[in-house]
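Structure first, then comments.
The values are calculated or read from the model by the stated rules, or taken from the named source; none is laboratory data. These numbers were taken from a predicted model, which means no experiment stands behind them. Don't worry about glycine lacking a Cβ; one is built from the backbone with ideal geometry, like all the others, and counts go over all protein chains shown.
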Amino acid sequence: MDPHLNILVIDDETNICEGIKRALRPQGFSVEAAGSGQEGLQKLREGGFGLVLLDVMMPDISGIDLIPAIHQIDPDIICIIITGYATVELAIRAIKQGAYNFLTKPFSVDELTLAVNQGIEHQRLSLESKRLQAAEAEARHLIDEKTRLEELDKAKKLFFRLMTHELQAPLSAIQSYLQLMLEEYLTPEQHKEFLQKCIVRLDEERKLIGDLMELGRLQAIGPAPDTAPVQLDEILHKVVGDLESQVVQKNLKLTVEIQEQLPAVNGSPKLFKSLWENLLGNAIKYTLPGGEVTASLQVEKDQVVGQVRDTGIGIPAEEQGRLFSEFFRAKNAKALSLRGTGLGLVIVKRIIDGAGGNLRVESEEGKGSTFTFNLPPLAKPELQGADEK
Ligand code: ADP
């Protein structure tokens, strides 16, 4: 049987309960009765009722005050109030509590049947409208999901197209250098020069493959396997040492500013090294000889804040929106004919995102760039635990 045809009468007057049973059962309704609010709630919890006829005056509780508890059990149950004195105040209070209709005692079988049928129809319509709303929401969700997957697919295809192009470029160059060398028109000096060019292009290819592999590893879900408490300042000092020869070669002024007693952060030492190598490497690469590069670390608003500033070529404003897209290289960087993969900043952003921080950039073409990231510091107890190891 349709469970919504099951009716519960909650009334302490047995003759009312019996009268309602006698009136409704011959019409195919299943009717049960409860003599108190508590008994009524107990029966409703067992489930299966679609409509409740509720007496206002009961010894344990007023029927009106019972409505919220009934709707907590099942918000779709229709509540019809039975009262001896229907006043406007009572009606307002009952409707506010969620009553659907009233029956004023004494009522006829026809009045009772009409109220019950209207209640059931109301419930059918409201359930139908809820079902439609849910179906609409599901359809919208599916459309959004489809759009998201299509965009992902498009991005993936674009990535593979660009990757193939980038991987092919150095190989094609090497092939044409070797071809020229085979043709034997070159002097021994030119031979040497072309071999040198081959080495540069091979190095470019190796760097590209390395960045692609790092990017692939960063796609993996969850923290990196070597995640540990990390002192970012120690890693920064190591990277500065590694890059020193480039700084000297370009006659740059490199300054490192580190706040004392910097808290550790949680993450992979290898990835944080890569983060500094990319940010500092870019600052050195894109700053003209004689310029300045500053790396700093400090605590600001409970976050560890790292920054790399340079007085380099900057990034054109109209291109800054694409800075974190794979293989992107700004036109002024390309014009300088400096080699690059266009993957370094994507890697940096993924490292920061993965460690729960964020990365931002401020840059002005011809004046310089500032890359700033913040990371949550490691909670002290964990840090102590790590020190004890
Ligand atoms: P690349 O290998 O080309 O340096 P990145 O992903 O590290 O790749 O950087 C992407 C582009 O962002 C660079 O090609 C350059 O146009 C711009 N860029 C990054 N860092 C700087 C910087 N410090 N100064 C100026 N331009 C920068």
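Some points to look at:
- Within region 316-344, residues that are among the small types (Gly, Ala, Ser) have Cβ atoms under 6 Å from residues that are in a helix (DSSP H, G or I) in these pairs: 330/319; 344/278, counting only partners at least 6 apart in sequence or on another chain.
- Restricting attention to region 286-309, the residues that are outside any strand (DSSP E or B) and closer than 15 Å to residue 367 by Cβ add up to 5.
- Sole residue being in contact with a strand residue (DSSP E or B) (Cβ under 7 Å, 6 or more places away or on another chain), within 6 Å of the ligand (Cβ to nearest atom), in a loop (DSSP other than H, G, I, E, B) and not basic (Lys, Arg), chosen from 340, 312: 312
- Residue in region 321-337 that is farthest from the ligand (Cβ to nearest atom), counting only those that are under 23 Å from the mean Cα position of the chain (by Cα) and not acidic (Asp, Glu): 321
Quick grid of which residues meet (1) acidic (Asp, Glu); (2) buried (at least 16 other Cβ atoms within 10 Å of the Cβ); (3) modelled with pLDDT of 95 or more:
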residue: 337; (1), (2), (3): no, no, no
residue: 373; (1), (2), (3): no, yes, yes
residue: 377; (1), (2), (3): no, yes, no
residue: 380; (1), (2), (3): no, no, no
residue: 384; (1), (2), (3): no, no, no
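- Among the conditions (1) near the ligand (Cβ under 8 Å from one of its atoms); (2) modelled with pLDDT of 95 or more; (3) surrounded by fewer than 19 Cβ atoms within 10 Å (Cβ to Cβ), the only one that residue 294 does not satisfy is (1).
- Under the condition of being in contact with a Phe, Trp or Tyr (Cβ under 7 Å, 6 or more places away or on another chain) and assigned to a loop (DSSP other than H, G, I, E, B), the residues counted in region 323-337 number 1.
- Scanning region 177-198 for residues that are within 21 Å of residue 339 (Cα to Cα) and either surrounded by 12 or more Cβ atoms within 10 Å (Cβ to Cβ) or in contact with a Leu (Cβ under 8 Å, 6 or more places away or on another chain) (or both) gives 177, 178, 193, 194, 195, 197, 198.
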